[in-house]
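Q: Mind having a look at this structure? Questions to follow.
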Amino acid sequence: MDTAWPLVGRDEQLRSIAAAMNEGGAAGVVVAGPAGLGKTRLAAEALRHAEARGRATAWAVATQAAASIPFGPFAHLLSDARAEAVSRLDLLRHASRTLAERARGRPMVLGVDDAHLLDQASAALVHHLVLTASVFVVATVRTGAPAPDAVNALWKDRLAVLLELDPLGREEVAALAETAVGGQLDGATLEQLWRLSQGNALFLRELLTGALHAGALTCTGGLWRATGPLATSTLLAEVVQTRLGQLSADARGVAETVATAEPIGASLLETVVSAGGLEETDRAGMLDVVPDPRRTVVRLAHPLYGELLRGTMTPLRGRLVYRRLAAALQETGARRREDLLRLALWQLEGGVAADPGLLVGAARHASVSFFDHALAERLAAAAVEAGGGFQARLALAEAWHACGRSREAETLFVELEAQASTRSDQAKVALVRANNLLRGLGESTAAAAVIARAEDRVEDPRWRDEFTVLRATIDVFHGHPRRAGAAAADVLEREGASDRVVVRALAVATSAAAFRGRVSQALAASDRALELLHRSGGELSLTADWVLTMLSVALRLAGRLDEAEELATRRYQTAVARRADDFRASWALARGQVTLARGAPAAALRWLREAAVLLREHGTVFGTQGLAWCLGTLVQAAALTGERAAAAQALAELQAVAPERSYVPDRELGRVWLAAAEGHHARARAFALEAAADAARRSAEAFEAASLHELVRLGAPEAAAERLEELASQLEGRLAPLYAEHAVALAKQDAAALDRVCEAFRDVGATLLAAEAAAEASHWHRRAGHTASALLSAGTSARLATRCEGARTPALRLAGEPPRLTERERQVAALAAQGLSSRAIAEQLVVSIRTVDNHLHNVYAKLGVTNRSQLRETL
């Protein structure tokens with residue numbers, strides 16, 4: 001980690017300090033806040049800025065140890081001031097003169113760190129300096145700590161500005177952490193750092209330092225991730241132990257119990273700890289009692305307490321706490337849904353023999369409800385060890401599939417298929433094995449064969465519905481939406497189908513509608529599915545994420561980018577909060593896809609890299625096909641940003657992992673843009689034409705339209721215009737008609753129409769497409785001899801392209817080099833962008849108002865803007 005800890009999230013405070021220095025309304029600033037918020041770092045940065053602007057600076061630090069020594073913190077600045085002074089006032093005056101002499105005629109800024117620890121004489125000196133405005137003082141004080149009256153008077157008497165620091169926000173913590181490690185952190189790790197640090201910069205630094213030192217923070221695939229406990233720093237341990245050391249043994253036991261079980265119901269906690277210990281722990285501020293609609297729950301007051309307590313408990317102490325908790329929970333009857341999982345886990349951790357049936361149920365609950373597949377695997381393995389038989393081994397195979405150990409799961413599924421004794425067990429094993437083959441191993445042919453064998457043995461219509469939907473799922477993976485949609489419709493139309501199979505059929509229907517560009521059908525199917533899932537509490541589940549991921553695809557392909565982004569963002573945040581990495585994978589992919597559609601390839605790469613790392617490990621929603629889609633989108637984003645080596649590497653991995661017979665439209669589009677990035681435009685157009693023809697054969701009209709539009713972007717509108725016009729009448733949403741308008745306008749070399757297409761793409765939110773259309777308009781305006789219009793369109797393209805993170809496409813080059821301003825035009829433009837009137841600019845530059853207006857007219861024409869607001873944005 002970089003030893004130079006960056007300053008993040010304090011720009012506003014730095015501006016406030018600079019304003020106080022420059023405006024003369026006060027002679028100092030007092031930066032106040034709790035320990036660890038970065039007061040010292042902010043004050044030091046303020047002095048650095050002051051020095052860069054020609055001011056003299058000096059720094060003094062107050063400490064507890066030096067508090068008994070008069071002027072101790074300033075001894076290195078005042079030299080022999082004490083020896084020459086006669087009275088205290090003389091001393092203060094002499095100190096002021098000494099500091100002024102050090103400044104050598106420049107304004108002096110004095111930093112005083114931890115001013116609340118100053119001795120009385122030093123505090124009087126600081127007060128005198130501020131009162132007489134001899135120097136400008138930037139002092140830091142700790143909120144709530146006692147301070148000398150002279151220090152308190154600085155802000156109470158309004159001699160200095162009081163600047164109270166708040167904890168850093170979530171985004172600021174993320175920026176600081178990523179700057180510190182020098183790379184991208186994944187969403188779950190950032191959430192953990194935010195939760196543990198609570199915006200405290202000192203805590204954040206120690207969390208990162210300790211995790212890196214302990215190897216609990218590692219980089220995989222360009223992504224930094226937490227792979228172990230983060231709270232391992234010695235300093236953090238000392239901070240927490242200082243609090244814990246004030247507790248009696250009884251109260252510490254209470255804290256350990258809460259750390260082991262949090263959140264724990266207050267009534268259950270009262271049965272396993274003493275009333276006195278509980279009261280003492282609460283009085284010490286160690287507990288947070290949270291009222292709940294059903295019960296009152298107790299947590300530790302700060303997440304770090306739990307992290308450190310769990311990490312420092314001895315194994316024997318931990319076993320004892322778990323046994324007590326398990327016994328108390330069992331006595332209450334373990335009536336709540338989550339109680340069975342807690343009971344099984346606490347018995348396991350406490351070394352108590354658990355019932356195999358309880359362990360199997362807990363394993364499935366851990367996986368389905370809490371998405372903790374590692375815990376599910378552990379519980380299922382314990383159930384097998386306890387003699388749980390067939391059901392325990394089936395739960396273990398399911399957990400292996402969820403954990404990404406698909407090959408091991410397949411071996412066990414083969415054994416279980418031979419051992420299944422009832423029709424129901426045979427059907428269930430066939431379904432989960434086929435899912436493992438399809439999603440985990442990408443072997444769709446083998447999955448179809450498993451389903452066919454099961455259908456020959458099982459006649460129950462409920463199971464046959466399940467088989468039908470799974471076959472339809474295979475059709476979706478193979479890119480046959482028409483056939484998949486028809487099969488799903490058969491199930492949906494049959495009376496008596498179970499809610500579970502209906503929801504899965506609706507997931508297939510949503511997918512088919514997305515592929516075919518029927519966004520209204522996708523919305524209707526997803527709404528019905530979510531209503532059914534809400535009844536069963538499955539809003540966050542494999543099926544729910546399948547439904548909503550495909551809905552986001554439908555919205556994106558229809559040009560409803562705001563809705564697609566809102567959905568992807570909301571579901572990603574839910575997955576992070578629930579620590580569901582397999583679902584987070586699919587939503588990181590969705591966020592990457594919609595970000596790329598907006599024309600921000602560098603930001604898209606961040607999401608896609610996170611998705612790729614997670615999909616390699618999990619990917620139970622779309623399995624290896626999901627990873628293939630992700631890599632295809634990653635190829636496009638990397639190629640657009642000029643990272644050709646990264647694009648080629650991703651394409652090579654995609655070719656290796658793509659499931660058999662799978663349909664991965666983004667694979668073809670990735671080939672298109674990698675070829676374009678390498679300068680092989682004819683090959684890129686051939687790939688786009690091939691992708692469109694393949695989509696047409698499959699009746700995947702939405703992907704056909706997207707592929708044809710790539711031809712337009714690559715300068716071959718004639719090859720796409722007619723078919724895009726046909727598709728515009730078939731597909732829903734704004735994008736397909738826009739694709740057609742773009743193709744026709746470019747084919748006809750109609751610059752004015754291209755300008756209108758630019759505006760329409762901008763309204764949709766497709767900024768890169770808008771920039772390209774403006775560049776094309778500029779080119780054809782220029783060819784028609786319309787220079788002013790060409791410059792205007794070129795300026796629009798340049799302005800839009802600045803939001804596209806350095807994207808490089810053939811169309812953008814058509815705008816030519818950005819217009820160059822003369823030195824005088826640049827001066828006028830800069831002043832106008834600041835809001836100055838033409839008269840004020842003329843007075844400042846000593847020219848006529850007419851001259852200013854003429855220069856502004858030229859600037860507007862060159863940059864493609866029409867007013868000062870746009871000019872400010874462009875500059």
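The values are calculated or read from the model by the stated rules, or taken from the named source; none is laboratory data. Because the structure is predicted, anything quoted here is derived from the model rather than measured. In this analysis, Cβ positions are derived from the backbone assuming ideal geometry, glycine residues included, and neighbour counts consider all displayed protein chains. The accessibility values were calculated without ligands, DNA or RNA, using every heavy atom of the protein model including side chains. Shrake-Rupley method; radii C 1.70, N 1.55, O 1.52, S 1.80 Å.
Q: Give all pairs with beta carbons closer than 7 Å in which a residue from segment 134-154 that is modelled with pLDDT under 90 meets a residue that is of a type in the set (Val, Ile, Thr) and surrounded by 17 or more Cβ atoms within 10 Å (Cβ to Cβ); count only pairs at least 6 apart in sequence or on separate chains.
A: Qualifying pairs under 7 Å: 135/109.
For every residue, the table says whether it meets (1) assigned to a loop (DSSP other than H, G, I, E, B); (2) over 30 Å from the mean Cα position of the chain (by Cα); (3) under 28 Å from residue 663 (Cβ atoms); (4) modelled with pLDDT under 95.
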{"residue": "380", "(1), (2), (3), (4)": "no, yes, no, no"}
{"residue": "392", "(1), (2), (3), (4)": "no, yes, no, no"}
{"residue": "413", "(1), (2), (3), (4)": "no, yes, yes, no"}
{"residue": "417", "(1), (2), (3), (4)": "no, yes, no, yes"}
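Q: Restricting to segment 802-823, name every residue that is open to solvent by 90 Å² or more (accessible area, probe 1.4 Å) and farther than 30 Å from residue 678 by Cα.
A: 823
Q: Can I ask one more? So which residues in segment 241-252 are assigned to a helix (DSSP H, G or I) and surrounded by fewer than 21 Cβ atoms within 10 Å (Cβ to Cβ)?
A: 241, 242, 243, 244, 249, 250, 252, listed by residue number.
Q: Of the conditions (1) touching a residue at least 60 places away in the same chain (Cβ under 8 Å); (2) closer than 24 Å to residue 544 by Cα; (3) not small (Gly, Ala, Ser), residue 627 satisfies every one except a single condition; which number is it?
A: The failed condition is (1).
Q: Here is a check on your reading of the model: is residue 607 open to solvent by 10 Å² or more (accessible area, probe 1.4 Å), assigned to a helix (DSSP H, G or I) and either touching a residue at least 12 places away in the same chain (Cβ under 8 Å) or closer than 18 Å to residue 550 by Cβ (or both)?
A: It is true that residue 607 is open to solvent by 10 Å² or more (accessible area, probe 1.4 Å), assigned to a helix (DSSP H, G or I) and either touching a residue at least 12 places away in the same chain (Cβ under 8 Å) or closer than 18 Å to residue 550 by Cβ (or both).
Q: Where in segment 695-751 are there helices (runs of 4 or more DSSP H), lying wholly inside it, with at least 3 residues that are open to solvent by less than 30 Å² (accessible area, probe 1.4 Å) and within 20 Å of residue 479 (Cβ to Cβ)?
A: Passing ranges, in order: 701-713.
Residues are listed down the side, and each one gets a yes or a no for (1) among the basic types (Lys, Arg); (2) part of a helix (DSSP H, G or I):
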residue	(1), (2)
792	no, yes
795	no, yes
798	no, yes
821	no, no
839	yes, yes
850	yes, yes
861	no, yes
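Q: Give 845, 856, 800 a once-over and let me know the one that is touching a residue at least 12 places away in the same chain (Cβ under 8 Å) and under 30 Å from residue 598 (Cβ atoms).
A: 800
Q: Quick check: is even one residue across segment 839-855 open to solvent by less than 30 Å² (accessible area, probe 1.4 Å) and touching an Asp or Glu at 6+ places or on another chain (Cβ under 8 Å)?
A: Within segment 839-855 (the criterion being open to solvent by less than 30 Å² (accessible area, probe 1.4 Å) and touching an Asp or Glu at 6+ places or on another chain (Cβ under 8 Å)), the answer is no, since none of the residues qualifies.
Q: Follow-up. So which strands (runs of 3 or more DSSP E) stay within segment 141-228 end to end and still have 2 or more residues that are more than 16 Å from the chain's Cα centre (by Cα) and among the β-branched types (Val, Ile, Thr)?
A: 217-220
Q: Mind listing just one residue for me: the one in segment 826-837 that is open to solvent by 10 Å² or more (accessible area, probe 1.4 Å) and not in a loop (DSSP other than H, G, I, E, B) and, of those, nearest to residue 865 (Cα to Cα)?
A: That would be 833.
Q: In segment 97-116, which residues are part of a helix (DSSP H, G or I) and open to solvent by 40 Å² or more (accessible area, probe 1.4 Å)?
A: The answer is 97, 100, 101, 102.
Q: Got a sec? Which of 569, 574, 595 is surrounded by fewer than 18 Cβ atoms within 10 Å (Cβ to Cβ), polar (S, T, N, Q) and more than 11 Å from the chain's Cα centre (by Cα)?
A: 574
Q: Let me ask something else. Give me a count of the residues in segment 95-109 that are closer than 13 Å to residue 51 by Cα and of a type in the set (A, V, I, L, M, F, W, C).
A: Residues meeting the conditions: 3.
Q: Counting residues that are open to solvent by less than 20 Å² (accessible area, probe 1.4 Å) and of a type outside the set (Gly, Ala, Ser), which helices (runs of 4 or more DSSP H) fully inside segment 1-79 reach at least 2?
A: In segment 1-79, 39-52, 75-78 are the helices (runs of 4 or more DSSP H) which contain 2 or more residues that are open to solvent by less than 20 Å² (accessible area, probe 1.4 Å) and of a type outside the set (Gly, Ala, Ser).
Q: Another question, if that's okay. Can you tell me how many residues within segment 498-538 are open to solvent by 40 Å² or more (accessible area, probe 1.4 Å), aliphatic (A, V, I, L, M) and within 30 Å of residue 697 (Cβ to Cβ)?
A: Result for segment 498-538: 2.
Q: Then there's this: Give all pairs with beta carbons closer than 6 Å in which a residue from segment 413-428 that is closer than 14 Å to residue 447 by Cα meets a residue that is surrounded by 14 or more Cβ atoms within 10 Å (Cβ to Cβ); count only pairs at least 6 apart in sequence or on separate chains.
A: 413/397; 413/433; 417/429; 427/454; 427/458; 427/463
Q: With (1) out of contact with any Asp or Glu (no Cβ under 8 Å at 6 or more places or on another chain); (2) in contact (Cβ under 8 Å) with a residue 60 or more places away in the chain; (3) hydrophobic (A, V, I, L, M, F, W, C); (4) open to solvent by less than 30 Å² (accessible area, probe 1.4 Å) as the list, and residue 162 as the residue in question, which single condition is left unmet?
A: Among (1) out of contact with any Asp or Glu (no Cβ under 8 Å at 6 or more places or on another chain); (2) in contact (Cβ under 8 Å) with a residue 60 or more places away in the chain; (3) hydrophobic (A, V, I, L, M, F, W, C); (4) open to solvent by less than 30 Å² (accessible area, probe 1.4 Å), the lone unmet condition for residue 162 is (4).
Q: So if I check each of 688, 684, 693, 676, which one is among the aliphatic types (A, V, I, L, M) and out of contact with any Leu (no Cβ under 9 Å at 6 or more places or on another chain)?
A: 693
Q: Same structure again: Looking at (1) surrounded by fewer than 20 Cβ atoms within 10 Å (Cβ to Cβ); (2) in contact (Cβ under 8 Å) with a residue 12 or more places away in the chain, find the lone condition where residue 238 falls short.
A: Looking at each condition in turn, residue 238 falls short on (2).
Q: Inside segment 260-367, counting only helices (runs of 4 or more DSSP H) that do not spill past its ends, which hold 3 or more residues that are open to solvent by 60 Å² or more (accessible area, probe 1.4 Å) and among the basic types (Lys, Arg)?
A: 315-332
Q: Next question, about the same structure. Of the residues 291, 263, which single one is without any contact (Cβ under 8 Å) to a residue 12 or more places away in the chain and farther than 26 Å from residue 9 by Cβ?
A: Matching residue, one of 291, 263: 291.
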